[in-house]
Amino acid sequence: MNELISALVGGIIGSISSAVLTYVFTNIQQQHHARVQTTIQMYEKYQSSEMLLARIKAERVLYENRQQLKPLSYTEIYHETYANHDENWLYVSRIVHYFEQIAILHQEKFLEERLFRSSIAPYLRFWYNEYFGIVYDTSIKNKEDTDWCSGMLYLLEYLDSEPAPSPSWSLPRRASKLLNRAIARR
């Protein structure tokens with residue numbers, strides 16, 4: 001009788017352990033899949049025709065600003081463009097807000113790290129190094145609000161301080177395949 005009870009208890013413990021491990025593994029897989037999908041969606045948003053227009057128009061404004069002897073701050077660009085009924089300010093703002101969204105998603109761990117570093121981070125570095133860094137420095141010199149740049153600064157600090165995650169056995173291939181499939185569907 002004791003052997004039967006021991007076998008029954010062992011079976012129950014084994015079943016519960018198996019169910020818990022299955023749940024944990026499935027949950028981890030689902031979370032990873034959700035992070036990959038969110039990162040791909042944000043990459044696709046950056047590559048959309050709407051954002052392409054925003055990037056082209058914002059780059060014109062910011063390039064002209066960079067070429068000036070005394071580049072303008074973020075607030076000054078606003079006053080020179082939007083306040084003067086120039087809609088190009090909206091495009092500059094759209095780029096800033098895109099990277100704010102990326103920073104929030106990253107802080108909340110909704111982005112897949114390796115895919116983020118390979119697909120979105122290079123664009124962030126480009127925009128900051130070519131344009132927004134100059135605007136940020138001018139804003140600092142003018143003692144103006146720099147909250148507009150906090151998302152970019154958070155991401156850049158993170159990218160510079162954290163080493164890239166080591167490759168897993170299938171993640172780079174899977175992430176690359178998912179990204180290529182998503183792009184091909186467009």
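The values are calculated or read from the model by the stated rules, or taken from the named source; none is laboratory data. This one's a predicted model, so the numbers in the text were calculated from it and none came from an experiment. Virtual Cβ from ideal backbone geometry, glycine too; neighbours counted across all protein chains shown. In case anyone asks, the SASA skips ligands and DNA or RNA and just uses the protein heavy atoms, side chains included. Shrake-Rupley method; radii C 1.70, N 1.55, O 1.52, S 1.80 Å.
Starting from residues that are out of contact with any Gly (no Cβ under 6 Å at 6 or more places or on another chain) and among the aliphatic types (A, V, I, L, M), keep the ones in segment 103-118 and report whichever is most open to solvent (accessible area, probe 1.4 Å).
Among those residues, the one meeting the criterion is ILE104.
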Hits in segment 118-153 - residues which are within 19 Å of the chain's Cα centre (by Cα) and of a type in the set (S, T, N, Q)
SER118, SER119, ASN129, SER150
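Answer with yes or no whether TRP127 is open to solvent by less than 30 Å² (accessible area, probe 1.4 Å), at pLDDT below 95 and either among the aromatic types (Phe, Trp, Tyr) or farther than 16 Å from VAL36 by Cα (or both).
Taking the combined requirement at face value, the residue does not satisfy it.
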For residues that are farther than 21 Å from SER150 by Cβ, more than 25 Å from the chain's Cα centre (by Cα) and hydrophobic (A, V, I, L, M, F, W, C), scanning just segment 52-102, find the one that is surrounded by the most Cβ atoms within 10 Å (Cβ to Cβ).
ALA83
Per the filter on segment 28-48, residues open to solvent by less than 30 Å² (accessible area, probe 1.4 Å) and either in contact with an Asp or Glu (Cβ under 9 Å, 6 or more places away or on another chain) or of a type in the set (A, V, I, L, M) (or both) are VAL36, THR39, ILE40, MET42
Under 9 Å between Cβ atoms, at least 6 apart or on separate chains: pull out the pairs that start in segment 34-49 with a residue that is under 14 Å from GLN101 (Cα atoms) and β-branched (Val, Ile, Thr) and end on any residue that is outside any helix (DSSP H, G or I) and open to solvent by 50 Å² or more (accessible area, probe 1.4 Å).
THR38/PHE110; THR39/PHE110
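Only residues that are over 15 Å from PHE132 (Cβ atoms) and without any contact (Cβ under 8 Å) to a residue 60 or more places away in the chain: list them for segment 89-111, please. Give the derivation first.
Taking segment 89-111 first, the residues over 15 Å from PHE132 (Cβ atoms) are 90, 101, 104-111.
LEU90, GLN101, ILE104, HIS106, GLN107, GLU108 - these are the residues of segment 89-111 that are over 15 Å from PHE132 (Cβ atoms) and without any contact (Cβ under 8 Å) to a residue 60 or more places away in the chain.
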